Amino acid sequence: MNNKKKDFLRTIVENDLKSNKYKEIVTRFPPEPNGFPHIGHAKSISINFGIARDYNGHCNLRMDDTNPTKEDTKYVEALEDAVKWLGFDWGENLYYTSDYFSQIYAYAIELIKMGKAYVDSLTEEEIREYRGTVTEAGKRSKYANRSVEENLDLFERMKNGEFQDGEHVLRAKIDMSAANMKMRDPLLYRIRHAHHFRAGDAWSVYPMYDFAHCLSDYIEGITHSLCTLEFENNRDIYNWVLDTLELKPPRPYQYEFARLNINYTVMSKRKLLELVDSKHVSGWDDPRLPTIAGYRRRGYTPESILTFCDQIGIAKANSVVDVAQLEFCIRDDLNAKVPRVMCVLDPLRVTIENYEGSEEIEAPYYPHDVPKEGSRKIPFSKELYIERADFEENPLKGYFRLTPKQPVRLRHGYIITCKEVIKDADGNITEIKAEYYPDSKSGTQDTSGIKVKSAIQWVSATDAKKVEVRLYDRLFKNDAPEGIQDLNLDSLHVINNAFVEPAVITQKLDERFQFERLGYFYADPIDYSDEKPVFNRIVGLKDSWNKKTKEKKVTPKPEAKKVQVDGEVTPMREEEKAFFNTYTQELQLNNEVANTLARDKKLSQFFKETLSEYNSPVNIANIVTNEVARELKQKEPSELKFKPKEIAELVKMIDDATISIKIAKDVFEEMNKTGQEPAEIVKNKGLVQISDPAVILPIIEEVIAKNPDNVEKFKAGNKKLLGFFVGQVLKATGGKANPKIVNKLVAEKLNGN
RNA sequence: UGGGGUAUCGCCAAGCGGUAAGGCACCAGUUUUUGGUACUGGCACUCGGGGGUUCGAAUCCCUCUACCCCAUCCA
């Protein structure tokens, strides 16, 4: 990773590498093989394999197969395929959690011996009941005090299959009243008399995710265990298990990122399965599905999906990405790669009355702006098909195509003009009689002198090949669909009698094409045959004309900004009120500061002690409520490296103008980190404030001289640039210049000159 | 309701006390034998709301609000 913008995960990895926490970074992509991978998996794959690649580490592919009742080999194959298709290579590093069952079992025994795990014999319902609720503590099972020997015995017999499913479980002994529900004695093992697709019938007990995952990571030497946000609460168990077992370092740490959501589709396994089972789609590889198999069959390239994953970034905010972003990626990819050919979806017959015979037109596969070579011959004859939408008897203003009055160019061919419109009894147009201009042929010196507004695609009726074309629209009509009720019933259009130019079929140049003016298409890998060619539309081209004609109905939504209601603030207790009054009245603190202080015991205590060292209530209160408060949020007063006395000294230096408040904050940071005396820090770093204009002025002049464009902008009215100049001067003096004076001088200089 | 998270443009997303990056979308314009592409320009005086600290706050403090996750013997 060089100059590219880093996401928070890469920042963590870089720091860990820099601090030598790990020699090599190891990640893993750990799906449970119980369903088909979708684009959300692609994001995870891209993150895990991508980070490993970027930092010269490696990424394991691990099947997290701890639940024998749900998993199957066909899913592991699909998962392997997906990773490979996306272009990643796990090398030798394909693992299964089931490979570690013996080791994990041994760790469980160890926990039991430490008295940190016990066999619980409560029923499932009882366990749930005993767990308590989010607001009430749970209570511990009476089985929790079984002796180590008894636990060992029971657990072994569980493993040996002596008990029925559900009779016993192994639980960690943590804390039944933990605020984090996941820590209320989590289950480590359950009895499952089931056939495991890999481990067979060797085991009667299977480890739970929370026990197996951290240990599998550890066993594989994973350094960064990256998962999605919903596992945030599980992180405590992850750490508890690894810490309690006192494993030899280095150990892995878990970090969470937001999972991918895309609008107009669903991503959950359950909802996807529902679509497949209800036959609303043709299968897991239906091109409308966000599954890897679906995208693949639709014609998406792995590159485009990877680019997409790259573009959307990695963050912790739950978000929904617009499909348009994905569509952009595939268009952008294919634009540079794919040959252009002509196809007519909805044919309208055109007879060129002044043309006889036939010819072949040589036409390049790529437009002038795609640096690729190649061409094909297109047959031309008297009888052609054009797109029905490319002729309009009563055109809207701005229509560029063929009309009774407006000629048009046949792409790569001649200019034609409409002579007569033939209609059937119902008034539907069935044919256009046209004439062509022989001297307007494309690629030659066009001497016709006719100007056209556009070129349209066409095929020769006698030579064109009939093909099936499948046009896909979004599967759901709702941008945040809940389920089947939100389906777009019109998401698939099958066109049975589209026509393509012969080269598409005979030259087999590629499996992806741009059908000019229509979009990008892919020869369906399953249904395509020479007798019946089938093309899937991967994505349409951007179409500003179509948009313009449709837009009329779209009403802009006003959607006023939501008004925020302010909630009730819990009233102060009597004691707090007394403090508040003292602070505001006797010490002259402002209400906000007094309020903060009065409500926080630790803070007010610290404040009181500091005040007893040095009497400067306002400045002390400011430092305490703003800076000390930050530290006291995570630490106890006793853990702080500084004491009230040092804070008092710090404030003293502010009061006598030795240092500015800005410097004071830096000094505070240093005190907090090292525990040094403030005076010492100021002395060692030479932080004494510079207030002498004679020293500051030259620096200001230098900064002004270096930024002429910003000076211009400032003079043009961009007054907030003042802050920029002040910042630059401060930077040049290492923060030591007195900011008030700098401000004044800069303003004078800028306005004066 | 306890705990853990998250809020920056229509959608993603940088930013970590000193000029609000970038992409998508959108809107103009130029080029164009694809109403495509490419190119140029426009798109956040403001960062969920309100206060405070500071010469200076999206960034630090307080407070409120909204949304997500946790009470599967799933992962």
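Rule-based calculations on the coordinates, nothing more; no lab input. These numbers were taken from a predicted model, which means no experiment stands behind them. Cβ coordinates were reconstructed from backbone atoms using ideal geometry, including for glycine residues, and neighbour counts include every protein chain displayed.
Under a 5 Å amide H to amide H cut-off, with H placed in plane at 1.01 Å, what residues pair with A:Gly413 once short-range neighbours are removed?
Those lying under 5 Å, H to H, from A:Gly413 are A:Ser442.
In chain A, what % of DSSP beta bridges are antiparallel (nearest 5)?
Percentage antiparallel, nearest 5: 70.
Between A:Arg192 and residues 5 or more places away or on another chain, which pairs have amide H atoms under 5 Å apart, with H built 1.01 Å from N, and which residues are they?
A:Val205, A:Tyr206
Taking a quarter of the surface of the convex hull around the Cα atoms of segment A:653-753, what do you get in nm²?
Across all orientations, segment A:653-753 yields a mean hull projection of 6.8 nm².
Exceeding 25 Å between C-alpha atoms, which entries from my cross-link table qualify? They are A:Lys601/A:Lys662; A:Lys5/A:Lys182; A:Lys139/A:Lys316; A:Lys685/A:Lys740; A:Lys662/A:Lys683; A:Lys43/A:Lys74.
Cα-Cα > 25 Å for A:Lys601/A:Lys662; A:Lys5/A:Lys182; A:Lys139/A:Lys316; rest within.
Going by C-beta contacts inside 10 Å, put A:Lys18, A:Lys643 in order with the fewest on the left.
A:Lys18, A:Lys643
Tell me the Kirkwood radius of segment A:592-655: reciprocal of the mean inverse pair distance over distinct alpha-carbon atoms, in Å.
11.4
Sorting A:Glu568, A:Glu136 on the 10 Å Cβ count, fewest up front, what's the list?
A:Glu568, A:Glu136
Can you list the HN-Hα couplings for segment A:314-319, worked out from phi with the Karplus curve (6.51, -1.76, 1.60; θ = phi - 60°), rounded to whole Hz and with x for Gly and Pro?
Per-residue couplings from phi come out as 10, 8, 10, 8, 5, 8 Hz.
Regarding segment A:438-477, what's the average projected area of the Cα-atom convex hull, expressed in nm²?
5.9
Reported to two decimal places, what Rg/Rh ratio describes segment A:1-94 when computed on Cα atoms with Rh from the Kirkwood expression?
1.02
What span do the alpha-carbon atoms of segment A:183-316 cover on each of the three principal axes, reported in whole Å from largest to smallest?
49, 39, 27
Give the Kirkwood hydrodynamic radius (Å, one decimal) of segment A:609-715, defined as one over the mean of 1/r across all pairs of different Cα atoms.
It works out to 15.6 Å.
If you look at just the Cα atoms of segment A:316-366, how large are its Rg and its Dmax in Å?
Using the Cα atoms of segment A:316-366, the pair Rg, Dmax is 20.3, 67 Å.
Let me know the whole percent of all Cα-Cα pairs from segment A:387-524 that are separated by more than 28 Å.
36
Would you please state the base-10 log of I(q)/I(0) at q = 0.18 1/Å for segment A:253-397, with intensities from the Debye formula using one equal scatterer on every alpha carbon?
With one equal scatterer per Cα and no solvent, log10 I(q)/I(0) is -1.14.
So what's the gap between the Cα centers of segment A:666-706 and segment A:417-442, to the nearest angstrom?
Spelled out, the Cα-based centre of one part sits 83 Å from the other.
Sequence-distant or interchain residues sharing an amide H contact under 5 Å with A:Val539, placed H: which?
When sequence neighbours closer than 5 places are left aside, the close amide H contacts are A:Tyr520.
Which ³J(HN,Hα) values in Hz, rounded to whole numbers, follow from the phi angles of segment A:477-486 under the Karplus curve 6.51 cos²θ - 1.76 cosθ + 1.60, where θ = phi - 60° and Gly and Pro get x?
Per residue, the Karplus-derived 3J(HN,Hα) values read 7, 9, 6, 10, x, 8, x, 4, 5, 9 Hz.
Using a Förster distance of 30 angstrom, determine the FRET efficiency expected from the C-beta separation of A:Glu609 and A:Arg573, and round it to 0.05.
0.85
Using the alpha carbons of segment A:155-240, what is the convex hull volume per residue in cubic angstrom, as a whole number?
Cα-based convex hull of segment A:155-240, divided per residue, equals 120 Å³.
Order the peptides A:226-239, A:354-367 from the highest to the lowest mean number of other Cβ atoms within 10 Å of their residues.
A:226-239, A:354-367
Suppose only helical runs count, i.e. DSSP H with n ≥ 4. What mean residue ellipticity at 222 nm does that imply for chain A under -39500 (n - 2.57) per run, divided by all residues and rounded to the nearest 500 deg cm²/dmol?
Calculated mean residue ellipticity at 222 nm is -11000 deg cm²/dmol.
At 10 °C and 1.306 mPa s, what whole-number value in µm²/s does Stokes-Einstein give for the translational diffusion of segment A:620-666, with Rh from the Kirkwood sum over Cα pairs?
It diffuses with D of about 143 µm²/s by this estimate.
Could you work out the percent of alpha carbon pairs in chain A separated by over 48 Å, rounded to a whole number?
When all Cα pairs of chain A are counted, 46 percent exceed 48 Å.
Counting only Cα, what are the radius of gyration and maximum Cα-Cα distance Dmax of segment A:443-567, in Å?
Both quantities, over Cα of segment A:443-567: 21.3, 78 Å.
Going by C-beta contacts inside 10 Å, put A:Ile191, A:Ile12 in order with the fewest on the left.
Result, fewest neighbours first: A:Ile12, A:Ile191.
Among A:673-679, A:509-515, how do they line up from the highest to the lowest mean number of other beta-carbon atoms within 10 Å?
In decreasing order of mean packing, A:673-679, A:509-515 become A:509-515, A:673-679.
What three numbers, in Å, describe the spread of the alpha carbons of segment A:251-317 along their principal axes, ordered from the longest?
So the extents along the principal axes, rounded to whole Å, are 44, 26, 26.
Debye calculation, C-alpha points only, no solvent: report log10 I(q)/I(0) for segment A:358-400 at q = 0.34 Å⁻¹, in the same order as the q values.
-1.12
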